[in-house]
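First up is the structure itself, then whatever we jot down about it.
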2 protein chains.
Amino acid sequence: MNSDKGHSRPLWVLAIHGGASAIPPDLSDAELQAIDDALQLALDIGAKMLVSGGSSLDAVQAAVRVMENSGVLNAGRGAALNHDGFAELDAAIMDGRDRGAGSVAALRHVANPIDLARLVRDRTDHVMLVGEGAEKFAQEQGIPMMPESYFITDRRRRELDRALGAKAGSTDSVSPSHSRGTVGAIARDTHGNLAAATSTGGLTNKHFGRVGDSPIIGAGTYAENGVCAVSATGMGEVFMRLTAAAEVCARVKYNKQTVAVASGEVIRELKSHGGLGGMIALDAAGNIAMPYSSATMLRGQVGSTMKAQVLGVKMKEGQ
Amino acid sequence: MNSDKGHSRPLWVLAIHGGASAIPPDLSDAELQAIDDALQLALDIGAKMLVSGGSSLDAVQAAVRVMENSGVLNAGRGAALNHDGFAELDAAIMDGRDRGAGSVAALRHVANPIDLARLVRDRTDHVMLVGEGAEKFAQEQGIPMMPESYFITDRRRRELDRALGAKAGSTDSVSPSHSRGTVGAIARDTHGNLAAATSTGGLTNKHFGRVGDSPIIGAGTYAENGVCAVSATGMGEVFMRLTAAAEVCARVKYNKQTVAVASGEVIRELKSHGGLGGMIALDAAGNIAMPYSSATMLRGQVGSTMKAQVLGVKMKEGQ
């Protein structure tokens with residue numbers, strides 16, 4: 001029953017992830033550099049807001065938006081493609097102050113799903129909008145509709161072709177595969193408020209209409225002041241069934257576990273159900289845990305008592 | 001820290017709900033009788049399966065299907081209509097054995113959403129399918145597409161007209177209202193397995209694409225062997241933000257509360273966040289709790305040590 005609290009309490013912290021899974025061996029150094037750059041920029045932008053007293057909610061949204069726009073992660077442009085060859089995007093954001101949340105899923109034409117999730121929270125009586133109805137809301141809010149081609153990169157097209165090719169001649173139904181690069185951010189601001197945000201294109205070769213854990217409050221995204229904030233990444237179906245993010249917070253709240261122990265145990269339990277992946281989690285005092293069961297997890301952290309640090313992006317030519 | 005366990009342990013139990021809210025004063029005796037009949041039939045069909053050793057998963061699905069087909073509850077035919085005048089249907093089912101789950105949302109043409117949720121669980125690698133993609137899956141499975149008119153009843157059309165009329169001349173955005181009649185079922189079978197199922201049309205006048213708590217694992221629906229099973233009904237957005245169903249089970253698991261205390265406290269916490277409603281919950285031993293903060297909750301229960309009983313349907317001319 002140890003607590004991490006007490007030693008060198010940070011005024012503010014920000015942690016981000018760029019997905020949990022192996023780095024494909026054919027990623028070029030330029031691509032790895034672009035991923036590293038995107039994570040560094042996400043930390044920088046979020047840190048600038050937090051250091052000047054900005055809210056954790058704004059900071060996690062801004063950090064996720066940077067990663068959505070990078071073109072090299074599985075969110076926004078560059079997202080994984082579904083079985084029918086187009087990107088379907090999910091995102092959620094949650095405010096630990098009142099557990100207010102906004103969530104969107106199965107978007108096909110919105111460049112920054114995290115911004116639409118924020119608008120669902122701020123401007124509707126709802127928590128979650130999906131599909132055609134969610135895009136109708138985007139249009140009502142004046143958000144431009146992007147063509148499907150905007151989201152499609154050569155790399156994701158090749159990944160889908162490989163997944164489809166692997167099934168050629170098979171009579172099996174769709175066999176989706178985990179895709180590198182879901183993005184997320186969690187933060188504690190100088191006012192002590194927690195927030196979490198997650199954005200993804202989901203699985204390569206997923207069924208049209210499939211929604212994973214990222215936009216599900218309590219599965220891939222959760223924040224509650226005084227308890228913890230979580231953003232997860234991995235085999236989303238298992239994270240949904242085990243309500244992964246809420247489970248971490250329940251262990252912190254009721255089982256009096258540290259966020260490191262709680263998140264580590266939940267990652268192990270997910271793995272025992274076949275759900276590889278990882279998560280970033282922080283407690284009310286700003287202690288960060290970033291456990292994963294996959295080969296690696298792209299991740300980073302920065303805080304008032306800690307320089308910005310990006311981890312998990314292994315460059316071939318040293319780094 | 002009392003436990004309900006130990007006295008007169010039932011071999012099997014089934015609890016159902018037909019939504020939490022006030023009964024509209026203009027409901028005729030015939031309509032009330034039809035609601036009562038639907039709940040009785042749901043209990044009878046489920047009980048027949050459970051008494052002969054059938055699985056809790058099959059029993060909750062069958063009970064919910066009866067209520068979806070009734071035409072007088074807010075699920076399947078007779079569901080609440082959204083702002084644009086058509087029904088959008090959500091449902092989820094969860095198996096406590098492995099926490100396997102299937103969920104569907106924003107359906108417009110599927111007569112029995114609970115059956116499609118079951119197929120998502122049984123025949124895909126996914127947990128949740130939404131919108132057009134979910135209906136594509138339904139067609140792949142040979143499920144007939146119903147016209148939108150199939151779902152629309154005169155009563156729901158009048159309710160929507162009232163909601164829209166109340167906003168006439170207003171510049172406010174969509175103002176959804178809670179609708180009587182979400183349906184759900186939870187059961188423990190003779191093998192000790194728990195299951196939960198929920199189905200709904202959501203809020204009257206909701207935004208096109210809005211998804212509530214019913215199809216969200218951990219919010220409106222949850223089942224975990226050895227812990228508890230929950231199906232909720234009410235102002236779904238608050239149930240989602242507080243991960244209501246998972247929260248009940250976390251309190252049972254980690255806080256060692258009885259299911260009655262846990263569900264009662266969660267209903268009170270939801271109310272303190274503006275979320276009126278109710279839930280049915282049972283623990284591993286088959287103890288049932290059915291708390292609600294709304295004016296009433298249509299509900300029923302039956303078990304190996306308990307006759308079928310329907311509650312909450314107040315008939316004008318006595319009963």
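Being without any contact (Cβ under 8 Å) to a residue 60 or more places away in the chain, open to solvent by 10 Å² or more (accessible area, probe 1.4 Å) and of a type outside the set (A, V, I, L, M, F, W, C) is the filter; apply it to the stretch A:66-111 and report the residue that is nearest to the other protein chains (Cβ to nearest Cβ). Working first, answer last.
Here is the first cut: in the stretch A:66-111, the residues without any contact (Cβ under 8 Å) to a residue 60 or more places away in the chain are A:66, A:69-70, A:98, A:100, A:102, A:107-111.
Pick out the ones that are also open to solvent by 10 Å² or more (accessible area, probe 1.4 Å) and you get A:66, A:69-70, A:98, A:108-109, A:111.
Now drop any that are not of a type outside the set (A, V, I, L, M, F, W, C), which leaves A:69-70, A:98, A:108-109.
Values: A:Asn69: 24, A:Ser70: 26, A:Asp98: 8, A:Arg108: 10, A:His109: 13 Å.
Filtering the stretch A:66-111 for residues that are without any contact (Cβ under 8 Å) to a residue 60 or more places away in the chain, open to solvent by 10 Å² or more (accessible area, probe 1.4 Å) and of a type outside the set (A, V, I, L, M, F, W, C), the one nearest to the other protein chains (Cβ to nearest Cβ) comes out as A:Asp98.
Checking A:Ile143 against (1) open to solvent by 50 Å² or more (accessible area, probe 1.4 Å); (2) at pLDDT 95 or above: exactly one of these is not met. Which one?
Unmet for A:Ile143, out of (1) open to solvent by 50 Å² or more (accessible area, probe 1.4 Å); (2) at pLDDT 95 or above: (1).
If we keep just the residues of the stretch B:37-50 that are within 15 Å of B:Gly303 (Cα to Cα) and not aliphatic (A, V, I, L, M), which is surrounded by the fewest Cβ atoms within 10 Å (Cβ to Cβ)?
B:Lys48
Those residues that are under 18 Å from B:Asn112 (Cα atoms) and touching a His at 6+ places or on another chain (Cβ under 9 Å), I need them from the stretch B:204-214; list them, please.
B:Val211, B:Gly212
Please specify each residue of the stretch B:183-204 satisfying the condition of being at pLDDT 95 or above and among the polar types (S, T, N, Q).
Those that are at pLDDT 95 or above and among the polar types (S, T, N, Q): B:Thr190, B:Asn193, B:Thr198, B:Ser199, B:Thr200.
When you scan the stretch A:221-231, do you find a residue that is closer than 30 Å to B:Leu119 by Cβ and of a type in the set (Ser, Thr, Tyr), even just one? Break it down into steps so the answer makes sense when it comes.
Pass one, the stretch A:221-231, residues closer than 30 Å to B:Leu119 by Cβ: A:221-222.
Applying the additional criterion that residues be of a type in the set (Ser, Thr, Tyr) yields A:221-222.
Yes, the conditions are met somewhere in the stretch A:221-231.
Give the residue, chosen from A:Ala47, A:Ala80, A:Ala101, that is within 18 Å of the chain's Cα centre (by Cα), in a helix (DSSP H, G or I) and not basic (Lys, Arg). Outline the logic, then answer.
Values: A:Ala80 fails: in a helix (DSSP H, G or I); A:Ala101 fails: in a helix (DSSP H, G or I).
Residue meeting the stated conditions: A:Ala47.
Taking B:Leu203 as the residue in question, decide whether it is facing chain A (nearest Cβ under 9 Å) and open to solvent by 10 Å² or more (accessible area, probe 1.4 Å).
Numbers: facing chain A (nearest Cβ under 9 Å): yes; open to solvent by 10 Å² or more (accessible area, probe 1.4 Å): yes.
Here the answer is yes, as B:Leu203 does meet what is asked.
Does the stretch A:213-234 contain at least one residue that is away from chain B (no Cβ under 11 Å), open to solvent by 10 Å² or more (accessible area, probe 1.4 Å), at negative phi and touching a strand residue (DSSP E or B) at 6+ places or on another chain (Cβ under 6 Å)?
Checked against the condition, which is being away from chain B (no Cβ under 11 Å), open to solvent by 10 Å² or more (accessible area, probe 1.4 Å), at negative phi and touching a strand residue (DSSP E or B) at 6+ places or on another chain (Cβ under 6 Å), the stretch A:213-234 yields at least one hit.
Among the residues of the stretch B:300-314, what is the count of those that are at pLDDT 95 or above and open to solvent by less than 40 Å² (accessible area, probe 1.4 Å)?
The number of residues fulfilling the criteria is 5.
Quick check, is A:Ser179 small (Gly, Ala, Ser), open to solvent by less than 10 Å² (accessible area, probe 1.4 Å) and modelled with pLDDT under 95?
Here the answer is yes, as A:Ser179 does meet what is asked.
Filter the stretch B:14-36 for residues that are touching a residue at least 24 places away in the same chain (Cβ under 8 Å) and open to solvent by 10 Å² or more (accessible area, probe 1.4 Å) and give the result.
Narrowing the stretch B:14-36 to residues touching a residue at least 24 places away in the same chain (Cβ under 8 Å): B:14-24, B:29, B:31-36.
The answer is B:Ser21, B:Ala22, B:Ile23, B:Pro24, B:Asp29, B:Glu31, B:Gln33, B:Ala34, B:Asp36.
Scan (1) within 30 Å of B:Val238 (Cβ to Cβ); (2) away from chain B (no Cβ under 14 Å); (3) in contact (Cβ under 8 Å) with a residue 40 or more places away in the chain; (4) over 17 Å from the mean Cα position of the chain (by Cα) for the single condition A:Arg118 breaks and write down its number.
(4)
Would you check if A:Ile288 is aliphatic (A, V, I, L, M), crowded, with 19+ Cβ neighbours inside 10 Å and over 28 Å from B:Gly100 (Cβ atoms)?
Working: aliphatic (A, V, I, L, M): yes; crowded, with 19+ Cβ neighbours inside 10 Å: yes; over 28 Å from B:Gly100 (Cβ atoms): yes.
Yes; evaluated as a whole, the condition is true for this residue.
Can you pull out the residues in the stretch A:245-292 that are out of contact with any helix residue (DSSP H, G or I) (no Cβ under 6 Å at 6 or more places or on another chain), basic (Lys, Arg), without any contact (Cβ under 8 Å) to a residue 40 or more places away in the chain and within 14 Å of another protein chain (Cβ to nearest Cβ)?
A:Lys253
Select the strands (runs of 3 or more DSSP E) contained entirely in the stretch A:109-202, then report the ones holding at least 1 residues which are basic (Lys, Arg).
A:183-188
The values are calculated or read from the model by the stated rules, or taken from the named source; none is laboratory data. On a predicted model such as this, the values are computed, not experimentally measured, just so you know. Heads up, the Cβs are rebuilt from the backbone with ideal geometry, glycines too, and the neighbour counts pull from every protein chain shown. Ligands, DNA and RNA are excluded from the accessible area calculation, which covers all protein heavy atoms including side chains. Shrake-Rupley method; radii C 1.70, N 1.55, O 1.52, S 1.80 Å.
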